[in-house]
């Protein structure tokens with residue numbers, strides 16, 4: 001609905017909020033309409049001014065407060081770039097009413113897709129409301145990093161200093177000419193305080209004017225490093241449970257009547273692992289849970305059927321000169337038929353979401369679907385191995401050495417990975433030798449020379465260029481010239497930068513490994529274990545071995561088989 005003037009829009013917002021309050025108190029529609037009109041007429045001279053009617057209604061309705069007082073953030077206008085709010089935003093504000101005004105519960109977990117404005121709709125809007133009305137003497141907001149925390153405080157400070165609607169109704173809540181700016185704290189003239197910390201800081205012991213926080217918000221409290229191992233997942237969850245138990249206050253009762261509510265806890269984020277901190281909180285009955293997905297369908301099925309499957313085939317067709325442009329043209333020709341509902345239609349684009357899914361399905365399911373059902377599972381369910389003697393009994397038509405050097409020999413650093421791979425005449429691929437080791441530059445080059453000697457049928461050596469920029473290849477060639485048995489051997493070197501997403505690359509060998517089309521040397525237990533332990537780049541300590549095998553299957557396709565010319569005895573031809 002479009003309004004003639006901003007004042008007309010504001011009056012309508014105020015009218016709807018008052019009407020809703022009367023309905024909630026038990027009035028019927030006619031009674032609510034008459035009472036709303038009478039109340040607005042009574043306060044006609046101070047609807048939106050200092051401590052006016054809007055000020056009073058804002059204390060009773062967080063949705064109204066946000067839509068009126070923070071309208072430059074939440075209401076689309078010619079002067080801003082705000083998007084139309086989605087139903088989930090209005091619903092969560094109603095939940096905040098239940099939590100803070102009705103005191104229905106004390107703990108809320110919100111798992112929304114990335115980009116759904118969690119921080120703005122919850123952290124920012126709620127904090128401003130709490131401190132305008134002194135509902136919280138001390139609010140603590142924990143962001144992922146200190147940078148996130150600093151940005152949040154800056155946004156809140158700007159609202160109190162510049163928002164004309166707030167200033168008109170509440171006055172100046174930031175001291176004029178107050179140049180003592182703390183980037184992580186905001187102290188207001190009504191003697192309340194908002195403080196932001198990073199997720200690595202402890203919440204325990206935090207106080208302001210002798211009071212513990214009335215509200216604690218954890219926004220994206222976990223990062224990638226917190227979900228890689230079971231130990232890191234346990235630590236993150238246990239730290240939150242233990243800290244939150246001691247950071248806030250319990251409710252105070254007197255003669256059976258609650259005179260002070262308990263500290264309110266709000267946890268915002270996305271599901272990163274089926275056993276991560278957010279996932280485990282979903283099972284915690286102390287919390288009210290709100291979980292939303294960007295779309296309400298099975299993405300694995302939907303994006304691989306009908307028109308979307310046709311789009312997918314065009315998008316990844318390497319025979320086309322510009323497959324991306326052709327795929328998008330196909331989409332625009334069928335745009336109406338390829339539309340689908342999202343959790344926030346004014347934000348999420350159907351084409352962009354589909355492309356994000358195709359390029360990284362696992363990340364999409366984490367960050368957009370809050371689906372961790374398969375995240376963290378091992379990718380390789382089986383591995384076919386053979387003794388070295390059996391492998392070497394086959395006839396090979398292509399053989400190469402694939403190398404991924406690492407820069408450090410420290411305990412927690414990546415491994416250098418080397419893989420001697422062959423394609424046999426039977427069509428199977430064999431990892432004849434798989435090595436993971438901590439190798440410095442010289443040791444790495446020496447190991448390549450050693451393998452070239454052991455496997456004289458290696459015709460190609462593929463070395464990732466990202467680390468040494470070709471210096472290692474130059475050194476290997478120099479060492480080869482000093483070896484009589486390698487000096488005159490024809491070896492081709494592939495030295496390319498690797499920019500492909502590792503998960504995407506490694507996913508290409510899942511079928512081959514699981515079905516036994518790629519066979520491994522049973523002696524190479526460390527190498528093989530790293531392959532079978534792989535659960536995705538973000539959930540595995542190391543990915544060197546599976547990445548090396550994947551690179552072998554890619555590079556070996558570029559090797560052309562040159563058949564040797566065989567000369568027959570002319571007498572067999574009867575000549």
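Read-outs throughout are calculated quantities, based only on the coordinates presented, and are distinct from any laboratory measurement. Given the structure is predicted, the values throughout are model-derived calculations rather than measurements. When we count neighbours, we look across all protein chains shown, and the Cβ atoms used for this are built from the backbone with ideal geometry, even at glycine.
Just a few scattered comments:
- Gain on full stretching of the segment that runs from residue 282 to residue 449 - 0.36 nm per residue minus C-alpha separation: 54.7 nm
- Length gained on full extension, residue 302 to residue 523: 75.3 nm, using 0.36 nm per residue less the C-alpha separation.
- The chain: angle of helix 544-555 to the longest principal axis, Cα-based, in degrees nearest 10: 60 degrees
- Gain on full stretching of the segment that runs from residue 257 to residue 185 - 0.36 nm per residue minus C-alpha separation: 22.5 nm
- With the highest mean first, a sort of the peptides 107-113, 159-165 on other beta-carbon atoms found within 10 angstrom per residue produces 107-113, 159-165.
- Entry note: the range 192-269 has Rg to Rh equal to 1.04, where both radii use alpha-carbon atoms and Rh is the Kirkwood radius.
- Angle between the chain longest axis and helix 323-333 axis [Cα atoms, degrees, rounded to 10]: 40 degrees
- Square roots of 5 times each gyration tensor eigenvalue, C-alpha, the range 391-544, largest first, Å: 24, 21, 14
- With Cα atoms defining each centre, the range 40-84 and the range 462-520 are spaced 64 Å apart in the structure.
- Summarising the label geometry, the points placed 7 Å from Cα in the beta-carbon direction at residue 407 and residue 46 lie 6.5 nm from one another.
- Sorting the Cα pairs of the chain by distance into bins of 10 Å, from 0 upward, gives 3, 14, 19, 19, 16, 12, 8, 5, 2, 1, 0, 0, 0 percent per bin.
- Angle in degrees between helix 230-247 and the longest Cα principal axis of the chain, rounded to the nearest 10: 10 degrees
- Ordering of 325-335, 193-203 by packing [mean C-beta count within 10 Å, highest first]: 193-203, 325-335
- Computed FRET value (nearest 0.05) for residue 479 with residue 533, which takes r as the C-beta separation and R₀ as 51 Å: 0.95
- FRET E, pair residue 515, residue 310, Förster distance 25 Å, beta-carbon r, rounded to 0.05: 0.40
- Approximating the spin labels as points 7 Å out from Cα along Cα→Cβ, the residue 34-to-residue 60 distance works out to 1.8 nm.
- Beta bridges assigned by DSSP with both partners in the chain are antiparallel in approximately 35 percent of cases.
- For the range 299-367, the spread of Cα coordinates along the three principal axes comes to 35, 27, 20 Å, biggest extent given first.
- Taking only alpha carbon atoms, the range 1-85 gives an Rg to Rh ratio of 0.98, where Rh is the Kirkwood radius.
- nm² value of the averaged projected area, convex hull over the Cα atoms of the range 145-294: 12.0 nm²
- FRET efficiency, residue 12 to residue 161 (Cβ-Cβ, R0 22 Å, nearest 0.05): 0.20
- Approximating the spin labels as points 7 Å out from Cα along Cα→Cβ, the residue 466-to-residue 202 distance works out to 3.8 nm.
- Normalised by the number of residues in the chain, the mean separation of alpha-carbon contacts (under 8 Å, six or more apart) gives a relative contact order of 12 percent.
- Quotient of the Cα radius of gyration of the range 99-202 and 2.2 N^0.38 Å, N being its number of residues: 1.09.
- Each peptide in 275-282, 336-343 was scored by the mean count of other Cβ atoms within 10 Å over its residues; highest first, the order is 275-282, 336-343.
- Over the residues of the chain, the helix contribution to mean residue ellipticity at 222 nm works out to -11000 deg cm²/dmol, using -39500 (n - 2.57) for each DSSP H run of at least 4.
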